[in-house]
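Working notes, beginning with the structure itself.
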Amino acid sequence: MLLVSLIRRFRTAFTILELDRFHDQDITFAFTPHRNDFYILLLVKEGGGKHWVDTMQYSLKPDTFYFSVPQQVLIKEETLPLIGTLLRFTDEFLAFEEGNLLKNLLVIQNPNNGHELTLSAENVSFIEDIFAKMLEEYNQRHDSRNEMLLAYLRVLLIYVSRLYTTQLVNDIPNSDRLLLKNFLNLINEKYSQLHDVAAYADLLCISAGHLSKIVKHQSGKTGIKHIHERLTLEAKRLLLHTEKSIKEIAYELGFEDAPYFNRFFKKLAGQPPAAYRKMTREMYHG
């Protein structure tokens, strides 16, 4: 596991792991909409600012933990001096972990499309301690440095995933939770191709009725609602952050024609796509 050489190799694109204290700088967000190919963990100690993640606006607050996963749309709206710790890493670094334990954690999967976790004083102390140990290890050339960094990252991600469970999802049984997670992962991969529960049930090798029952019981939402919400989220992203026409967006999301997409979006979002684009852009620029 030659982390140092891999960092050099990916320096022109994205490092597989980058960790730093920051002061009066912002290297996480840009003023133009963009998607990252890496994960971001950010502990803000002082300062603030405003930014958007997908279609949600956030105000950075002290003693708060922020995270983003690849492909979320990020854009900076307002910058204030910040002091804290930033960790960025890619799937290549997670691949060092045997058994894909880290890839399956909630803060990495992010099924609820979250971004912000409120921290108690105890939470802040724990996370700061882990970051301090990682920074010391990261800046030294000790033997087995990668193994130590991965061990610290494992502890941090498990700890933060517990906060994710408490604040963003309900604690549900592991067996059915796995099915729900697999269903949501498939939606995330194939939302533009498959629009009905039966198609996902076929991929999971179970009946549509059984899948619907488990999904509704574990999440409180029907399977089709999860599918429609993911389609609506991506439609909102494209409407807000791109100049693609309504017709282009409709085809990109797998709809047969633009009028059908218009009816679908209006039913889910409460207004036609063009009206949503106009409203959100006026809200953002205002």
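The values are calculated or read from the model by the stated rules, or taken from the named source; none is laboratory data. Computed from a predicted structure; not experimentally measured. Positions of Cβ are backbone-derived with ideal geometry, glycine not excepted, and every protein chain shown enters the neighbour counts.
Right, SER161: under 25 Å from LEU74 (Cα atoms) and in the same structural domain as ALA235 (by TED's automatic domain parsing) or not? Quick ask: steps written out before the conclusion?
On the way: under 25 Å from LEU74 (Cα atoms): yes; in the same structural domain as ALA235 (by TED's automatic domain parsing): no.
For SER161, the condition - under 25 Å from LEU74 (Cα atoms) and in the same structural domain as ALA235 (by TED's automatic domain parsing) - is not met.
Got a number for residues in the range 235-265 being crowded, with 19+ Cβ neighbours inside 10 Å and of a type outside the set (A, V, I, L, M, F, W, C)?
2
Confirm whether SER125 is under 30 Å from PHE261 (Cβ atoms), polar (S, T, N, Q) and at pLDDT 90 or above.
No, not satisfied.
Considering only the range 189-200, state which residues are without any contact (Cβ under 8 Å) to a residue 60 or more places away in the chain and surrounded by fewer than 17 Cβ atoms within 10 Å (Cβ to Cβ).
Hits for the range 189-200 are GLU189, LYS190, ASP196, ALA198, ALA199.
So how many residues does the range 85-108 have that are surrounded by 15 or more Cβ atoms within 10 Å (Cβ to Cβ) and either among the hydrophobic types (A, V, I, L, M, F, W, C) or modelled with pLDDT of 85 or more (or both)?
Residues meeting the conditions: 13.
Regarding ILE75, is this residue modelled with pLDDT under 75 and either under 27 Å from THR280 (Cα atoms) or of a type in the set (Phe, Trp, Tyr) (or both)?
So ILE75 passes the test.
Taking the range 99-123 on its own, how many of its residues are among the aliphatic types (A, V, I, L, M) and either within 15 Å of PRO70 (Cβ to Cβ) or in a loop (DSSP other than H, G, I, E, B) (or both)?
6
May I ask you to list the residues in the range 213-224 that are surrounded by fewer than 21 Cβ atoms within 10 Å (Cβ to Cβ) and within 22 Å of SER175 (Cβ to Cβ)?
If the condition is that a residue be surrounded by fewer than 21 Cβ atoms within 10 Å (Cβ to Cβ) and within 22 Å of SER175 (Cβ to Cβ), then LYS213, ILE214, LYS216, HIS217, GLN218, GLY220, LYS221, THR222 are the ones that fit.
Keeping to the range 105-156, report how many residues are in contact with a strand residue (DSSP E or B) (Cβ under 8 Å, 6 or more places away or on another chain) and of a type in the set (A, V, I, L, M, F, W, C).
Final tally of qualifying residues: 12.
Restricting the search to the range 157-183, which residues are part of a helix (DSSP H, G or I) and either over 12 Å from LEU106 (Cα atoms) or among the hydroxyl-bearing types (Ser, Thr, Tyr) (or both)?
As a first pass, look at the range 157-183 and keep what is part of a helix (DSSP H, G or I): 157-168, 174-183.
TYR159, SER161, TYR164, THR165, THR166, ASN174, SER175, ASP176, LEU179, LEU180, ASN182, PHE183, listed by residue number.
Return yes or no: is ILE130 over 30 Å from HIS228 (Cα atoms) and among the β-branched types (Val, Ile, Thr)?
When the stated conditions are applied, ILE130 passes them.
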